[in-house]
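The values are calculated or read from the model by the stated rules, or taken from the named source; none is laboratory data. These numbers come from a predicted model, not from an experiment. Heads up, the Cβs are rebuilt from the backbone with ideal geometry, glycines too, and the neighbour counts pull from every protein chain shown.
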Amino acid sequence: MVGRHETRMQAVNDTTASFPTSKRNRLKRRHDRGSYDHEAVFAVLDAGLLCHVAYTFDGQPYCTPTIHWREDGMLYWHGSSASRMLRQLRGGTPACLTVSHLDGLVLARSGFNHSANYRSAMCFGMARIIDEPEEKLKALAGVVDRFYPGRTQTLRAISAQEAKATTVIGMRIEEASAKVRAKGVADDEEDYGHPVWAGVIPVRMVVGAAEPCPRLLPGIVQPENLAGYAEGARLDQALTQAQLAYEGGQ
């Protein structure tokens, strides 16, 4: 267990390192928007709250939306232990996990050149159920601390029944790619004289005002480590800042 973890740490600590490429993750078009660097892929993953995981069981494809979290080169997500589909992961199965962000609507002077600004990452590996108790409990804490740094230290401990009712899936990222479009209108030169509005409409997911539970105990206030989730803050930035702050305090 320790040896595998040390190998994983060594593989991903070098921010200039890249994932290997194959026909699974090699970009087929717009290579200028793509990257196989760990840093580029992790940036997209860490800024996302929701992912989609696809696998095939008995010839039937499934795609599941879920919350994900990352530790070095490992991705984790969870589900109910009663799920028939998840139980089939006991022996491991190939999976593809994707995260995407919509950053802007790009309106051009022709329908063909309309586009969107986006960030996306696609990761491939072998998904397996995490059975080892210590790794499972660490992962269950990670899903909370990833979004709310250090919060598990303030919560009541997870019960044995809760841990048993939750299935944790892990996937070592074997191959991955990131793809980003972050620019303005790209019309054909002869179209710039066409009399129609063109430009970019930014799209953001922002945090709303906090709504305290009406049954809070007297004197309980929102902790300082949630300051990044201020009303109007961009969610992707709040997530990455929270993660960096927590890692910096370790």
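Below, the figures for the structure above:
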| read-out | value |
| --- | --- |
| Thr98, sole failed condition from (1) touching a His at 6+ places or on another chain (Cβ under 6 Å); (2) modelled with pLDDT under 95 | (2) |
| The lone exception for Ser100 - which of (1) in contact (Cβ under 8 Å) with a residue 40 or more places away in the chain; (2) within 17 Å of Ala178 (Cα to Cα); (3) in a loop (DSSP other than H, G, I, E, B) it fails | (3) |
| From the options Phe147, Phe124, residue that is part of a loop (DSSP other than H, G, I, E, B) and within 28 Å of Ser18 (Cα to Cα) | Phe147 |
| Top-ranked residue in the range 152-176 [being without any contact (Cβ under 8 Å) to a residue 60 or more places away in the chain and touching an Asp or Glu at 6+ places or on another chain (Cβ under 9 Å); ranked as surrounded by the fewest Cβ atoms within 10 Å (Cβ to Cβ)] | Gln153 |
| Residues of the range 226-250 that turn out to be in a helix (DSSP H, G or I), of a type in the set (Gly, Ala, Ser) and either modelled with pLDDT of 85 or more or touching a Pro at 6+ places or on another chain (Cβ under 9 Å) (or both), as a count | 5 |
| Within the range 177-198, tally of residues that are exposed (fewer than 12 other Cβ atoms within 10 Å of the Cβ) and either on the phi > 0 side of the Ramachandran plot or not small (Gly, Ala, Ser) (or both) | 6 |
| Test: Asp14 is farther than 30 Å from Arg204 by Cβ, in contact with a helix residue (DSSP H, G or I) (Cβ under 9 Å, 6 or more places away or on another chain) and at pLDDT below 90 | yes |
| Criterion violated by Ser110 - all others in (1) in contact with a strand residue (DSSP E or B) (Cβ under 7 Å, 6 or more places away or on another chain); (2) under 30 Å from Glu189 (Cβ atoms) satisfied | (1) |
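For every residue, the table says whether it meets (1) on the phi < 0 side of the Ramachandran plot; (2) under 13 Å from the mean Cα position of the chain (by Cα); (3) crowded, with 16+ Cβ neighbours inside 10 Å.
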| position | (1), (2), (3) |
| --- | --- |
| Ser22 | yes, no, no |
| Arg30 | no, no, no |
| His38 | yes, no, yes |
| Ala47 | yes, yes, yes |
| His78 | yes, no, yes |
| Ser110 | yes, no, no |
| Ala121 | yes, yes, yes |
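Yes/no per residue for (1) farther than 30 Å from Ala198 by Cβ; (2) touching an Asp or Glu at 6+ places or on another chain (Cβ under 6 Å); (3) of a type in the set (S, T, N, Q):
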{"site": "Arg24", "(1), (2), (3)": "yes, yes, no"}
{"site": "His38", "(1), (2), (3)": "yes, no, no"}
{"site": "His68", "(1), (2), (3)": "yes, no, no"}
{"site": "Glu71", "(1), (2), (3)": "yes, no, no"}
{"site": "Gly104", "(1), (2), (3)": "no, no, no"}
